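Inspection log for the structure reproduced underneath, given as structure tokens.
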Amino acid sequence: MTPPPTTQRAEAPEVLARCRDLVRPALAQAVRRLHPWHAEMAAFSFGWGAADGSPAGGSQGKGVRQALTLLSAEAAGAPAEDAVVGAVAVELIHVFSLLHDDIMDGDETRRQRATVWKAYGTGPAILAGDALFALAVQTLADAPGRYSATAVRQLAGTLADLVRGQADDLLFESRPWDGPEAVQPHEYRWMAEHKTGALLGCAAGLGAVLAGAPATTVDALGRAGRHLGVAFQAVDDLLGIWGDPEVTGKPVHSDLRRLKKTYPVVSVLATDHPAAHRLAALLGTGDPLDDSAARRAADLVEEAGGRSATLAEAHRQLDSARRSLESVPLAPAALGEILALLPFLIDRTV
């Protein structure tokens, strides 16, 4: 099913803003159920407050996951309000994952501010993440309606996938850069589908579950979200090497400096390009990269086609997401809004 022509890039920000406005009151109400200290750290994570607990106008993120939940409910024929509880649960899980991910990766900044572990300490950040995890499950379990149990089961499966993906991401760090034990592109895609795609798939699927949609519709929307997650991760990987520090809040070539195995690097090292061999030798020393070495590594990745291969992968995943969405009957207006988000997310700069 193809929606009527839309001005996609112009509409996407308005779509996201509409969904954030619908979810924000319920999300704030849920956060108030937490221990006050955890609530303060959660507010800091969401951009609602400063590290001292005072109000702040920090970046609150785009709200992609919550938007997918609401739009999927609308696409399945229900009002967005029916899926707000699912959107809240998804946002809580998303922030839980960011808190723990920042600790594991040692990231000190996010959205132009200190990460929670940097502002409050590692132990408090872990506790806050655990509290958000528990609150997400409780929020769905307490939801009225006949679909709550199905929604909780879907979230539980997603959490299992998410931690599997995170485990593989960490294990990749101990794998060699080249040779038979090197990380292969298909392994990286599997990791990204679970670490990033699982929650986006859950977001879309939960909207359909809470709308009472048939299993075929829930599955199609969930698959679309998973493909979108791999595309989203691919663009994150590009930004981790070539993103503008003024926009991303992280140093240029940050992922290369940390010797992180991202898709641009993995895709290059799987080839026989001469620049790939030079890149493997540079990274294989195990020494942290200084400014000059990081710049040289980025040039080698680009010379061997890593940037173009990653963009191509992102667009392949978007095409798969579109096919999944168009494989089942969906409300045209809501489908059009979901499709409007896809190029906007791939072309993002942060």
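We did not get these values from a lab; they are worked out from the coordinates using the rules stated. Just so we're clear, the structure is a prediction, and the values are computed from it rather than from any experiment. In this analysis, Cβ positions are derived from the backbone assuming ideal geometry, glycine residues included, and neighbour counts consider all displayed protein chains.
Each residue of the range 23-28 was assigned a 3J(HN,Hα) from its phi angle through the Karplus curve 6.51 cos²θ - 1.76 cosθ + 1.60 (θ = phi - 60°); the sequence is 8, 3, x, 5, 5, 5 Hz, with glycine and proline shown as x. When the Gaussian network model of the chain links Cα atoms closer than 10 Å, the mean-square fluctuations of A151, A167, A83 top out at A167. Counting neighbouring beta carbons within 10 Å and listing from fewest to most, the residues E303, E81 come out as E81, E303. For the range 123-271, a Kirkwood hydrodynamic radius built from all Cα pairs, placed in the Stokes-Einstein relation at 37 °C and 0.692 mPa s, yields a translational diffusion coefficient of 192 µm²/s. Counted by Cβ distance under 11 Å from A50, the other residues give a net charge of -1, where Lys and Arg count +1 and Asp and Glu count -1. Here the Karplus relation 6.51 cos²θ - 1.76 cosθ + 1.60, evaluated at θ = phi - 60°, turns the backbone of the range 215-220 into coupling constants of 4, 4, 6, 4, 5, 5 Hz, with x for every Gly and Pro.
3J(HN,Hα) along the range 70-77: 5, 5, 5, 4, 5, 5, 8, x Hz, from the Karplus curve 6.51 cos²θ - 1.76 cosθ + 1.60 with θ = phi - 60°, whole Hz, x for Gly and Pro.
With neighbours defined as other Cβ atoms within 10 Å of a residue's Cβ, the residues C202, C19 order from fewest to most as C19, C202. Filter the trypsin sites (Lys or Arg not before Pro) in the range 128-180 to those in DSSP coil with at most 11 other Cβ atoms within 10 Å of their Cβ, and list the result. Here the trypsin sites (Lys or Arg not before Pro) that fit, given the DSSP loop and packing criteria, are R146.
Each of M191, M41 was scored by other Cβ atoms within 10 Å of its Cβ. Listed from fewest to most, they are M191, M41. Only helices enter the 222 nm calculation for the chain: every DSSP H run of n ≥ 4 contributes -39,500 (n - 2.57), and dividing by all residues gives -22500 deg cm²/dmol, rounded to 500.
Using C-alpha pairs below 8 Å separated by at least 6 residues, the relative contact order for the chain is 22 percent. Within the straight-line cut-off of under 14 Å between alpha carbons, the aspartates and glutamates reachable from K118 are D52, D101, D102, D105, D107, E108, sequence neighbours fewer than 8 places apart in one chain being disregarded.
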